[in-house]
Each structure stands twice: as C-alpha cells, then as structure tokens.
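Engineer: One structure follows; several queries about it will come next.
The values are calculated or read from the model by the stated rules, or taken from the named source; none is laboratory data. Note that the structure is predicted; figures quoted are calculated from it, not measured. With ideal geometry, Cβ positions are generated from the backbone for all residues, glycine too; neighbour counts draw on all protein chains shown. The accessibility values were calculated without ligands, DNA or RNA, using every heavy atom of the protein model including side chains. Shrake-Rupley method; radii C 1.70, N 1.55, O 1.52, S 1.80 Å.
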Amino acid sequence: MAFDIHRLDKSDGYDEEVDEALEQYVEELMECFIQSPEGQAHLARDPEMGFYVSQLILYGYRHVGATLPRMSASHVEELVTEVFPRKISLASPDDADDAIPELVAFWDYLKREHHLFQADAILKFLRRIEPEFKGMMNDPARFGMAKSFFMAGRQAG
C-alpha cells in the first residue's frame, strides 16, 4: 500500500477536520508499519504493539506541532522524556519496557520505506535513552497533574 507520509504537512492549524485526518493517518500508517518487515519482526516480540507509535504521532502533532517528516531528534526527545512521562499512565511499571523497542522498529521502518533523513539521529537518541526510559515513565516527579491523581488513586486501591 502506498502511503503519503507527507499528507499532514499540508494541514494548516488544528481543528476537528484535521483531528479526523490525523486519526486516519495514524490508522493507515500503523497498518503499513505492521505489514512491514520491521513491524512483523517487532510484532513477533510484542503482539500488542502500536500504542507508543500512535502516541508519538498524535502527541507530536498536537503538542509539539511536528509531523513525522518534520520531526527532529529534539522533538522526539521532548516527547519521550517530557510528554510521555507527564501524560501516559502505565498499568504496571514494566509496561514502559515495550516503548523504545517499538519506536526503534518504527523509525527503522520510516528510514527504509520513507527515507526520512532525520531517522538516524532519532534512532541514535532512542537507543541512548532506552536504559533510562522506564525510570522516567515511573518517576512521580515527571508526572503531570492528571497522571499524578490517577497513579495515586491506583496505589490507594
């Protein structure tokens, strides 16, 4: 399936119509990724993959204003080290273990299939941050207000 990776680059601003296009973009790109060699290899290790890639695309567009073709290593760093720990609640601390391998497989796919020039820098960052990521995702000092309340409620039972 041919996928236009630049489709969202043509959008101006953010509204309900763009939100629908963004959701469709994520769904179609995830299907392409899952069918790719990189996606199939990762799917064998993580049959529930897709959450972190979807969040990267959605938060990237909504929070840092970057589409995948325009996403830099600094955008990914902001998303992975600030936005994810602040916004994404985990059912278990170990749920963070799936994130970086999934994102690495995805950026390997984007590099091969869509020739995104920034993929090497992003992959280098992701591989460097992997040992620290689980701690970041489970560090209450990094939680946003809503996540803090949610996690405190979970701990209280």
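Engineer: Return the carbon/sulfur percentage of the accessible area of the chain, one whole number, probe 1.4 Å, all protein chains in place.
Structural biologist: Carbon with sulfur: 51 percent of the solvent-accessible area.
Engineer: Over all directions, the average projected area of the alpha-carbon convex hull for the chain comes to how many nm²?
Structural biologist: 9.6
Engineer: What chymotrypsin sites (Phe, Trp or Tyr not before Pro) does segment 39-114 have in DSSP loop regions with at most 15 other beta carbons within 10 Å?
Structural biologist: Loop-located and lightly packed - none at all.
Engineer: In bins 10 Å wide, starting from 0, what share of all Cα pairs of segment 62-145 does each bin hold, as a percent?
Structural biologist: With a bin width of 10 Å, the distribution comes to 18, 49, 29, 4.
Engineer: Using a Cα-Cα cut-off of under 16 Å, which aspartates and glutamates could be cross-linked to K10, ignoring same-chain neighbours fewer than 8 residues away?
Structural biologist: Cα-Cα hits under 16 Å: D19, E20, E23.
Engineer: Here's another thing I want to ask about it. With a probe of 1.4 Å, find how much accessible area segment 22-157 has per residue, and write the answer as a whole number in Å².
Structural biologist: Result: 50 Å² of accessible area for each residue.
Engineer: Now for a different question. So what's the Cα pair-distance distribution over segment 82-126, bin width 5 Å, in %?
Structural biologist: The calculated distribution, bin by bin, is 5, 21, 24, 19, 15, 12, 5, 0.
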